[in-house]
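Please read the structure below before turning to the comments.
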Amino acid sequence: MNFDMVIALLAASVQMGTPILYATLGEILTEKSGVLNLGVEGVMAVSALGAFVVAQATGQPWLGVLAGGACGVFMALLHAVACVVLLGNQVVSGLAVTILGLGLSSFMGQPFIGLSAPGFTPFAFPLLSDIPLVGDVFFRGDALVYLSYLLPFALWFFLQRTRLGLEIRAVGEEPEAALAAGLSAERLRMIATLAGGFLIGMGGAYLSLAYTHLWTNGLSGGRGWIAVALVIFAFWNPQRAIIGAYLFGGVMAFQLRLQATGSHISSSLLLMLPYLLTIVVLAASAARGRGDEAPAGLGVNTAPEE
Amino acid sequence: MIEEYRGFDIKSLQRPTPAPPKKTPLIRIRGLTKRFGSVEANKDVSLDIHPGRILALLGENGAGKSTLMSMLAGRLVPDEGFIEADGGKVRLESPAQAIALGVGMVYQHFTLVEAMTVAENVLLGQTDSFFVSPPHMKRRVAELATRFGLDIDPGARVADLSMGEKQRVEILKLLHRQSRVLILDEPTTVLTPAETRRLFDALWSMAAQGKAIVFISHKLEEVMAASDDVAILRKGRITAVMEKNDIRSKSDLARSMVGRDVILSVNKPPVELGEEVLGIDDLSGHGLKNVSLSVRRGEILALTGVAGNGQKALVEMVCGLETPPRRKLFILGERWRRFYARAPWKNALSYVPEDRKGLATAPNLDLVDNVLLTTRQGFVKGPWLMRSKAADATDGLILDYNVSPPRATALAKQLSGGNLQKLVLGRELYRGPRLIVAEQPTQGLDVSATEEVWTQLLKSREDAGVLLVTGDVNEALNLADRIAVIYRGEIMGVLDANDPSQVARIGPLMAGLAGTEE
């Protein structure tokens with residue numbers, strides 16, 4: 001493996017990691033408010049289709065991204081109505097959203113299989129792309145990749161430095177305390193879940209508009225589940241999500257390349273690699289005892305005041 | 001007699017600035033009544049709260065102190081009566097309305113976000129700008145803390161704080177909301193002596209700056225040290241309101257607090273005494289000091305005192321929840337270790353815990369399963385549980401003890417406190433115990449349930465010795481043959497319940513005064 005191949009692999013890692021990064025950030029925002037949305041996989045699948053259909057119809061990739069985000073909001077709304085408004089079980093509702101989303105996207109996507117849509121193409125970022133190594137790896141991507149560089153910092157700033165972020169964190173940690181402070185848990189959780197759904201939806205849009213420009217079934221390919229695991233890996237910290245997303249992007253890219261070189265290792269085994277890494281990462285996070293970094297109110301429904 | 005208060009002399013504490021005279025009250029409570037089902041938690045309570053003064057609300061557990069203040073803080077809505085603030089009637093139907101009026105309460109269970117800083121907790125839901133700046137927040141909270149003498153690091157994470165510091169955060173939250181009336185529910189129970197002292201300093205500082213403080217307590221010394229006025233609640237009614245300077249002695253307070261009137265009396269036929277079923281010989285540790293007691297079959301020994309004086313530790317050791325020191329505790333004539341190595345189901349020890357819903361029963365199981373919790377003998381054949389047999393036995397208990405609803409399939413959580421207690425008592429007596437430990441068996445029960453529980457306990461002493469742990473002197477007088485008074489882990493005296501001259505000493509003994517002083 002020569003140097004150019006390493007650069008290419010790293011650049012591919014960033015590209016593969018970007019949709020996971022969007023989804024992970026969306027899920028971090030959701031979970032910070034105390035809502036566990038296990039439906040990421042389904043949300044991404046529906047958003048990928050929504051983004052594809054709109055971009056194809058309008059010829060506008062950015063409209064496609066917006067549509068992907070909107071689909072994400074819609075799917076998150078289903079979850080939020082079930083858990084935040086009706087106080088249903090968050091795990092069950094999340095699983096239902098996944099199954100519904102996967103089914104919906106393959107059913108509705110049937111007529112689009114094999115069609116292509118205008119999407120995002122890589123371009124060299126002015127100036128920065130000239131930096132040796134760094135420029136080649138990070139600054140020859142597409143617009144959504146560049147946008148994803150800003151998001152973790154924006155999300156961190158939102159959570160730590162704005163009143164709304166503070167309130168969302170409070171309701172995710174100690175819903176009772178937030179209620180005592182006169183905040184509405186329902187409203188805050190709704191905002192966080194829907195905004196998180198928008199980010200997850202952008203991850204889905206990336207799959208159909210930048211990663212491929214084609215529609216095929218099963219585009220999400222388990223990335224939503226990886227995002228759920230990455231939230232724990234990142235200890236709910238948006239900046240750490242970058243590392244996790246690129247690590248997983250790297251493993252996926254590596255596995256594809258290894259298959260392409262005609263390796264004798266069974267492709268089924270290679271396809272398992274990202275999930276094997278997921279288990280290793282989760283076990284390592286648990287062993288380091290950082291599981292208690294989770295928002296204390298995660299998955300706990302807040303009953304209305306008696 | 002020198003009052004040594006857990007490391008320092010609490011009597012030496014004194015408000016540094018004199019309390020302002022009573023003028024127009026800030027809050028007038030008029031005729032408040034609150035019922036829970038058929039139980040009247042508060043009955044026709046009227047009380048004035050004055051700015052700049054510290055009012056202690058004194059009463060036993062279950063006297064209705066917290067209920068009364070929860071109505072003022074907007075958590076409960078009164079059934080009758082009204083509250084006036086600034087001379088006009090107000091409706092307080094939510095904590096938010098109370099806070100808007102300037103009334104705030106620090107509950108025993110703190111509502112703080114552990115993962116956030118002190119400053120974030122204080123300002124949560126209070127900042128008006130979209131962006132928040134940690135240095136600015138810290139400065140605001142630090143200013144507030146200094147002004148009222150509440151020493152705290154605004155940047156510290158709440159999870160890293162001591163209970164006393166967390167309490168200061170709760171107080172700061174109220175102060176930041178411009179609260180004029182601060183209510184503290186049993187604030188010292190979670191504090192160390194040094195923290196208690198600092199709390200008092202802060203209370204005095206707040207009072208000196210015109211805040212009205214209401215301080216709920218059942219500890220006489222603290223009330224004497226910290227307050228300007230004392231209101232005594234007993235069985236939901238105000239029995240006395242006095243200025244501290246008018247109080248002659250602590251035993252005065254103790255007497256108004258526990259009262260003497262008999263609401264119920266039950267027939268107490270004498271029973272012949274049998275062998276010793278519980279022997280405690282010079283037991284110390286877990287907050288107890290040289291406790292020696294003996295309970296014989298055929299008698300009820302009441303252990304009475306204000307809650308928190310070591311009763312819990314004693315019960316936990318007797319009932320096997322804590323390990324006592326060796327050779328200090330004897331149950332049914334056996335050493336503690338040997339008894340609990342076997343711990344027979346039948347004809348041994350039965351425990352009726354104070355915590356009916358947590359320790360005594362499993363709320364989500366039905367009554368049959370709840371009966372099976374402690375009584376499996378007779379319901380098993382090899383590894384198999386014979387549930388139908390247990391169901392028959394449960395039906396029998398429900399009938400005998402008048403449990404309502406009379407269905408064995410009801411869940412424990414669907415039963416009222418009184419019915420649950422009757423079931424627990426029935427279950428424990430079903431085991432044919434020779435020693436019964438009953439802890440606050442009638443707390444929170446209505447009159448009829450109380451009477452049934454009393455009757456059963458009296459009947460049970462024909463075959464058993466009973467250790468009755470109660471804070472209710474009336475209950476002790478009605479049931480017990482002998483009364484042991486506990487104070488700060490020490491048995492102050494064991495009195496004959498049938499001798500009026502000895503009975504008169506209960507109040508002073510509960511307050512820690514050796515009966516000579518009156």
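The values are calculated or read from the model by the stated rules, or taken from the named source; none is laboratory data. Everything numeric in this text was worked out from a predicted model, so none of it was measured. Cβ placement follows ideal geometry from the backbone for every residue including glycine, while neighbour counts extend to all protein chains displayed. Protein only, heavy atoms only, side chains kept; ligands, DNA and RNA dropped before computing areas. Shrake-Rupley method; radii C 1.70, N 1.55, O 1.52, S 1.80 Å.
Within the stretch B:92-99, does at least one residue satisfy the condition of being of a type in the set (Val, Ile, Thr) and modelled with pLDDT under 90?
Yes, some residue in the stretch B:92-99 is of a type in the set (Val, Ile, Thr) and modelled with pLDDT under 90.
Mind telling me which of the residues A:Leu86, A:Leu128, A:Leu95 ends up being out of contact with any strand residue (DSSP E or B) (no Cβ under 7 Å at 6 or more places or on another chain) and either in contact (Cβ under 8 Å) with a residue 12 or more places away in the chain or surrounded by 21 or more Cβ atoms within 10 Å (Cβ to Cβ) (or both)?
A:Leu95
Can you run down the residue pairs with Cβ atoms below 6 Å, 6 or more apart or on separate chains, where the first is in the stretch A:178-194 and at positive phi and the partner is surrounded by fewer than 21 Cβ atoms within 10 Å (Cβ to Cβ)?
Close Cβ pairs (under 6 Å, with a partner that is surrounded by fewer than 21 Cβ atoms within 10 Å (Cβ to Cβ)) amount to A:Gly182/B:Ala96; A:Gly182/B:Gly125.
Go through the stretch A:181-196 and report how many residues are at the interface with chain B (Cβ under 7 Å from one of its Cβ atoms) and crowded, with 21+ Cβ neighbours inside 10 Å.
Count: 1.
Can you tell me which of B:Arg168, B:Arg147 is crowded, with 18+ Cβ neighbours inside 10 Å and away from chain A (no Cβ under 14 Å)?
B:Arg168
Restricting the search to the stretch B:74-105, which residues are in contact (Cβ under 8 Å) with a residue 40 or more places away in the chain and either within 11 Å of chain A (Cβ to nearest Cβ) or of a type in the set (S, T, N, Q) (or both)?
Listed by number, the residues that qualify are B:Leu76, B:Ile99, B:Gly104, B:Met105.
Restricting to the stretch B:143-167, name every residue that is within 24 Å of B:Lys219 (Cα to Cα) and touching a Pro at 6+ places or on another chain (Cβ under 9 Å).
B:Gln167
State all residues of the stretch B:189-246 that are of a type in the set (Ser, Thr, Tyr), surrounded by fewer than 18 Cβ atoms within 10 Å (Cβ to Cβ) and more than 19 Å from B:Leu47 (Cβ to Cβ); if no residue qualifies, say none.
B:Thr189, B:Thr192, B:Ser205, listed by residue number.
Restricting to the stretch B:361-387, give me the number of residues that are at pLDDT below 90 and small (Gly, Ala, Ser).
Residues meeting the conditions: 2.
Table: residues versus (1) part of a helix (DSSP H, G or I); (2) in the same structural domain as B:Gly310 (by TED's automatic domain parsing); (3) within 15 Å of B:Ser217 (Cα to Cα).
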| residue | (1), (2), (3) |
| --- | --- |
| B:Val169 | yes, no, no |
| B:Lys173 | yes, no, no |
| B:Ile183 | no, no, yes |
| B:Thr188 | no, no, yes |
| B:Leu191 | no, no, yes |
| B:Thr196 | yes, no, yes |
| B:Asp201 | yes, no, no |
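Do we have A:Ser220 as out of contact with any helix residue (DSSP H, G or I) (no Cβ under 7 Å at 6 or more places or on another chain) and hydroxyl-bearing (Ser, Thr, Tyr) here?
Against the criterion (out of contact with any helix residue (DSSP H, G or I) (no Cβ under 7 Å at 6 or more places or on another chain) and hydroxyl-bearing (Ser, Thr, Tyr)), A:Ser220 does not qualify.
Anything in the stretch A:213-237 that is in a helix (DSSP H, G or I) and under 21 Å from A:Leu10 (Cα atoms)? List them, or say none.
Across the stretch A:213-237, the qualifying residues are A:Arg223, A:Ile226, A:Ala227, A:Leu230, A:Phe233.
Looking at the structure I just gave you, is B:Thr117 within 14 Å of chain A (Cβ to nearest Cβ) and not aromatic (Phe, Trp, Tyr)?
Taking the combined requirement at face value, the residue satisfies it.
Checking the conditions here, which among A:Gln56, A:Gln15 is open to solvent by 60 Å² or more (accessible area, probe 1.4 Å), in contact (Cβ under 8 Å) with a residue 12 or more places away in the chain, in a helix (DSSP H, G or I) and among the polar types (S, T, N, Q)?
A:Gln56
In the stretch B:103-129, which residue that is touching a strand residue (DSSP E or B) at 6+ places or on another chain (Cβ under 6 Å) and not in a strand (DSSP E or B) is least open to solvent (accessible area, probe 1.4 Å)?
Selected residue: B:Tyr107.
So how many residues does the stretch A:236-250 have that are within 19 Å of A:Ile168 (Cα to Cα), open to solvent by less than 20 Å² (accessible area, probe 1.4 Å) and over 12 Å from the mean Cα position of the chain (by Cα)?
The number of residues fulfilling the criteria is 1.
For the stretch B:443-454, does any single residue satisfy the condition of being touching a Pro at 6+ places or on another chain (Cβ under 9 Å), modelled with pLDDT under 85, outside any loop (DSSP other than H, G, I, E, B) and closer than 27 Å to B:Asp395 by Cα?
There is at least one residue in the stretch B:443-454 that is touching a Pro at 6+ places or on another chain (Cβ under 9 Å), modelled with pLDDT under 85, outside any loop (DSSP other than H, G, I, E, B) and closer than 27 Å to B:Asp395 by Cα.
Of all the residues that make up the stretch B:23-57, how many are at negative phi and at pLDDT below 85?
Count: 6.
Within the stretch B:459-480, restricting attention to residues that are in a loop (DSSP other than H, G, I, E, B) and farther than 18 Å from B:Arg296 by Cα, which residue is modelled with the highest pLDDT?
Filtering first and then ranking leaves B:Gly471.
Of everything in the stretch B:454-476, what is among the β-branched types (Val, Ile, Thr) and open to solvent by less than 10 Å² (accessible area, probe 1.4 Å)? Give them in sequence order.
B:Val466, B:Val469, B:Thr470, B:Val473
State whether one or more residues within the stretch B:332-344 are in contact (Cβ under 8 Å) with a residue 24 or more places away in the chain and in contact with an Asp or Glu (Cβ under 8 Å, 6 or more places away or on another chain).
Yes.
Do you know which of the residues in the stretch B:150-164 that are at pLDDT 90 or above and away from chain A (no Cβ under 14 Å) is most open to solvent (accessible area, probe 1.4 Å)?
For the stretch B:150-164, the residue satisfying everything is B:Asp153.
Can you confirm whether B:His109 is more than 9 Å from chain A (Cβ to nearest Cβ) and within 22 Å of A:Leu183 (Cβ to Cβ)?
No, not satisfied.
I'd like the full set of residues that are under 25 Å from B:Glu186 (Cβ atoms), surrounded by fewer than 17 Cβ atoms within 10 Å (Cβ to Cβ) and among the hydrophobic types (A, V, I, L, M, F, W, C), limited to the stretch B:81-102.
Answer for the stretch B:81-102, where residues must be under 25 Å from B:Glu186 (Cβ atoms), surrounded by fewer than 17 Cβ atoms within 10 Å (Cβ to Cβ) and among the hydrophobic types (A, V, I, L, M, F, W, C): just B:Ala96.
Just for the stretch B:130-148: of the residues that are in contact with a Leu (Cβ under 7 Å, 6 or more places away or on another chain) and not in a helix (DSSP H, G or I), which one is modelled with the lowest pLDDT?
Across the stretch B:130-148, the extreme among qualifying residues is B:Val132.
Is it the case, given these coordinates, that B:Leu47 is over 30 Å from B:Ile152 (Cα atoms), open to solvent by less than 40 Å² (accessible area, probe 1.4 Å) and not in a loop (DSSP other than H, G, I, E, B)?
So B:Leu47 passes the test.
Restricting attention to the stretch A:149-177, which residues are of a type in the set (A, V, I, L, M) and either free of Cβ contacts under 8 Å to residues at least 12 places away in the same chain or facing another protein chain (nearest Cβ under 7 Å) (or both)?
Matches in the stretch A:149-177: A:Leu150, A:Ala154, A:Leu166, A:Ala170, A:Ala177.
Filter the stretch A:197-210 for residues that are more than 14 Å from the chain's Cα centre (by Cα) and open to solvent by 20 Å² or more (accessible area, probe 1.4 Å) and give the result.
Those that are more than 14 Å from the chain's Cα centre (by Cα) and open to solvent by 20 Å² or more (accessible area, probe 1.4 Å): none in the stretch A:197-210.
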